[in-house]
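> Could you have a look at this structure, given as structure tokens, before my questions?
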Amino acid sequence: MEAAKEPAVTKPRLPPGFRFRPTDEELVVHYLRRRALASPLPAAVDIPDVRILAHDPSDLLPPGWSEQERYFFTCKEAKYVKGRRANRATGAGYWKATGKEKPVVVAVPARAGGQGKAQAVLVGMKRSLVFYRGKPPTGSKTDWVMHEYRLAGAGLAPCRRAAGSQAAEASRPAEGWVLCRVFRKKGSASANAAAAAAADAEASPADGGSDGEAEDAGEEEGGRTFIDFFARADADAAGRRLQQQERRASSPVVSSSCLTDASHEQHGREQETTSRGA
């Protein structure tokens, strides 16, 4: 007798209109630290584990992607076996760090009854990198940017969680995990083209027809009727203009012959008055 197959578990997704826009503190505390502790992430959030150095940025965020950025978990790789310098080289180029690391802090409120202000506690570090194509130091700069987050300070503190029903086990987060945010630099031609392609992909109907034809015909798709209000407004305006023209046509108009006869009569009176005066 065959065992019954378990139903596939579908992960919940964000409702329409919601976007994943976390702050630096939220990324470090609620996502990177959870991944380093092998704890489940919050529902409806999918951040895959990817080896960043094995992919080109255009593969990580392909054209037509619905979002302008994407998040990944990856493990830092050392450039040398006995060194701590990170490897940044990929198959087609390399990631180059820009500037210094910036601290990621969270505000911890004072204890109950305390008079002091909230304290800033270090939980991680953030580094910005730019992708260059080619080999260093002659690579060509691109508009691909990556923000790399790592745990530091209180973010590396051990977490006590229940193990079974009696004892509590303290687990320490793995330091090798980092969270990467990959995106195109805003304002660049490539980023604008990618955004336009994504917008066109979302706006195009599934059956391949044009939106204007569906709206003009008033077709129903999925139980929803599309109405072109602008076309209705244009039709109403054209109808009003036609009514005004009909009103003008029906109103009496003074003919040009009447005006000509009146001018001749006035001219004759002026000549008669002149002759009398003479």
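The values are calculated or read from the model by the stated rules, or taken from the named source; none is laboratory data. Quick caveat: nothing in here was measured; it's all calculated off a predicted structure. All Cβ positions, even for glycine, are placed from backbone atoms using ideal geometry, and neighbour counts span all protein chains on display. These area figures cover heavy atoms from the full protein model, side chains too; ligands, DNA and RNA do not enter into them. Shrake-Rupley method; radii C 1.70, N 1.55, O 1.52, S 1.80 Å.
> In segment 62-73, what residues are touching a residue at least 24 places away in the same chain (Cβ under 8 Å) and open to solvent by 30 Å² or more (accessible area, probe 1.4 Å)?
Pro63, Gly64, Trp65, Ser66, Glu67, Gln68, Arg70
> What's the number of the only condition in (1) over 22 Å from the mean Cα position of the chain (by Cα); (2) surrounded by 12 or more Cβ atoms within 10 Å (Cβ to Cβ) that Ala118 fails to meet?
(2)
> Let me ask something additional. Does segment 50-61 include one or more residues that are closer than 30 Å to Ala120 by Cβ, open to solvent by less than 30 Å² (accessible area, probe 1.4 Å), in a loop (DSSP other than H, G, I, E, B) and free of Cβ contacts under 8 Å to residues at least 40 places away in the same chain?
No, segment 50-61 contains no residue that is closer than 30 Å to Ala120 by Cβ, open to solvent by less than 30 Å² (accessible area, probe 1.4 Å), in a loop (DSSP other than H, G, I, E, B) and free of Cβ contacts under 8 Å to residues at least 40 places away in the same chain.
> Within segment 62-103, count every residue that is in contact with a Phe, Trp or Tyr (Cβ under 7 Å, 6 or more places away or on another chain), assigned to a strand (DSSP E or B) and either under 22 Å from Tyr31 (Cα atoms) or not small (Gly, Ala, Ser) (or both).
6
> How many residues does segment 144-171 contain that are of a type in the set (D, E, K, R) and either out of contact with any strand residue (DSSP E or B) (no Cβ under 8 Å at 6 or more places or on another chain) or modelled with pLDDT of 95 or more (or both)?
Final tally of qualifying residues: 2.
> A further question follows. So, in segment 125-144, exactly how many residues are buried (at least 20 other Cβ atoms within 10 Å of the Cβ) and under 20 Å from the mean Cα position of the chain (by Cα)?
Adding up the residues that qualify gives 1.
> Additional query: Just to verify a result, which residue in segment 74-90, among those that are among the small types (Gly, Ala, Ser) and under 34 Å from the mean Cα position of the chain (by Cα), is least open to solvent (accessible area, probe 1.4 Å)?
Ala86
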